[in-house]
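Have a look at the structure below before the remarks.
Just so it is clear, none of the values below were taken in a lab; they were calculated from the coordinates. Remember, it's a predicted structure, so these values are computed and weren't measured experimentally. Please note: Cβ atoms are built from the backbone with ideal geometry, for glycine as well, and neighbour counts cover all protein chains shown.
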Amino acid sequence: MSGVAAEYYQSTYAMPKHYHNNIGKNIKDLKSDFVDLKNQSKDATKVVSGIKDDVVSYTKDIQPDIKDLKSSVAELKDNLEKLQNINK
C-alpha cells in the first residue's frame, strides 16, 4: 500500500485516539457550561427581582416630591397668568 493510500485510509476510516479523548473532554466541558448557565440563570432571576423591588421602592419614595413638583408647576402657571393680566 502506498503512503498516499495509507494516509487516505487513516484520514477516512481511522479515528485517532486523541480525537476520542477530545470528544470526552468537550462533553465534560459542555456539561460544565450547562451547569454554570443553570446557576447563572438562577442568579439573573434574583437580580431582576431585586431591580424590580428597587424600582417600586424608588417610585414610592419620590411620590411626595412629584406631588410637590406638580404643585409648584401649577403655582408657576398661576403666577404667569397673573403677570400676563397685569400687562393688559
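Applying 1/(1 + (r/R0)^6) with R0 = 35 Å to the Cβ-Cβ distance of D33 and D54 gives a FRET efficiency near 0.70. Taking a straight Cα-Cα cut-off under 18 Å and skipping sequence neighbours fewer than 8 places away in the same chain, the aspartates and glutamates within cross-link reach of K70 are D61, D78, E81.
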